[in-house]
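No lab work stands behind these numbers, since they all come straight from the coordinates. Since this is a predicted model, take the numbers as computed values, not measurements. When we count neighbours, we look across all protein chains shown, and the Cβ atoms used for this are built from the backbone with ideal geometry, even at glycine.
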Amino acid sequence: MKKKNLKHGWCIIIYGFSGAGKTEISIKIEKKIEKLLGKTILLDGDYLRNFFKKLKIGFGYTKKERDKSVLPKLEILNFLLKNNINVIYPTIFLNKLAINVWTKNIDNLIKIHVKTSVQDIIDFGIKKDFYLKGKNIVGMDIEPYFPKNPHIIINNDFKKSINKLSIELLKKFKKKVIK
């Protein structure tokens with residue numbers, strides 16, 4: 001896989017259901033990705049949500065509110081990417097509008113799916129109350145829309161540690177991006 005725009009950084013979107021391990025994996029790989037690709041930051045989806053909230057631009061969790069956040073998030077991502085900063089962005093991303101807009105408007109996009117089922121997440125126990133008592137949950141109340149042809153898939157059945165999943169992701173990443 002080659003960069004479409006040599007002057008822009010890579011945007012590595014790590015997506016999946018809440019509780020799939022996206023952020024933990026992102027934290028584990030950040031420094032290694034930086035060694036491979038140059039200046040890299042981790043921009044967590046929850047951080048962006050809080051950033052906008054402090055600016056009095058609140059985005060809620062309904063499908064309509066999630067759609068409303070797509071363009072402002074794109075602007076922040078492209079601001080960093082245009083300054084040749086690589087971004088690792090763990091986010092749910094199972095939103096048709098986000099997938100279409102970001103795929104079209106981010107030049108050097110790598111889509112990594114941390115694949116798991118909501119039931120596996122609940123059984124593992126991390127987000128049990130979140131899924132069973134929450135509202136506007138992607139995979140429960142909101143139908144997920146999965147990107148076609150992710151560049152990398154990591155299957156998380158919660159039988160491997162986050163360290164092992166991170167190592168697996170890095171191996172696949174090197175084969176796909178660093179040739």
Cross-link list K3/K171; K56/K111; K73/K159; K28/K176; K31/K159: which exceed 22 angstrom alpha carbon to alpha carbon?
K56/K111; K73/K159; K31/K159
For the K64, L6 Cβ pair and Förster radius 41 Å, calculated FRET efficiency rounded to 0.05 is 0.65
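How about the stretch 1-70: which GluC sites (Glu not before Pro) there lie in a loop by DSSP and see at most 13 other Cβ atoms within 10 Å?
none
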GNM flexibility winner over the chain from I137, I33, I57 (Cα, springs under 10 Å)
I57
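Obtain the radius of gyration and the Kirkwood radius of the stretch 1-58 from its C-alpha atoms and give Rg over Rh. Mind dumping the intermediate values first?
On the way: Rg = 13.8 Å, Rh = 13.3 Å.
When Rh is taken as the Kirkwood radius, the ratio is 1.03.
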Given a cut-off of under 8 Å on Cα pairs at least six residues apart, what relative contact order in percent is computed for the stretch 74-163?
36 percent
Semi-axes (Å, rounded, descending) of the ellipsoid equivalent to the stretch 131-179 per its C-alpha gyration tensor are 28, 16, 7
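Mind giving me the FRET efficiency for D141 and K31? R0 is 45 Å, r the Cβ-Cβ distance, nearest 0.05 is fine.
Using R0 = 45 Å, I get an efficiency of 0.80.
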For n ≥ 4 DSSP H runs only, could you compute -39500 (n - 2.57) per run for the chain, divide by its residues and tell me the 222 nm figure to the nearest 500?
-14000 deg cm²/dmol
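So what's the convex hull volume per residue for the Cα atoms of the chain, in Å³?
In the chain, the Cα convex hull volume per residue is 110 Å³.
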Give me the net charge of I14's neighbourhood, meaning all other residues with Cβ under 14 Å from the Cβ of I14; Lys, Arg count +1, Asp, Glu -1.
+2
Placed amide H near I41: partners under 5 Å, 5+ positions off or other chain:
N86, V87, I88
Magnitude of the Cβ-charge dipole of the stretch 54-179, K/R +1 and D/E -1, about the Cα centre, nearest 20 debye?
360 debye
Between K54 and L71, what is the spin-label point distance in nm, taking each point 7 Å from the Cα along the Cα→C-beta axis?
2.5 nm
Given 0.36 nm per residue, what is the gain on full extension from N83 to D157 after removing their alpha carbon distance, in nm?
23.0 nm
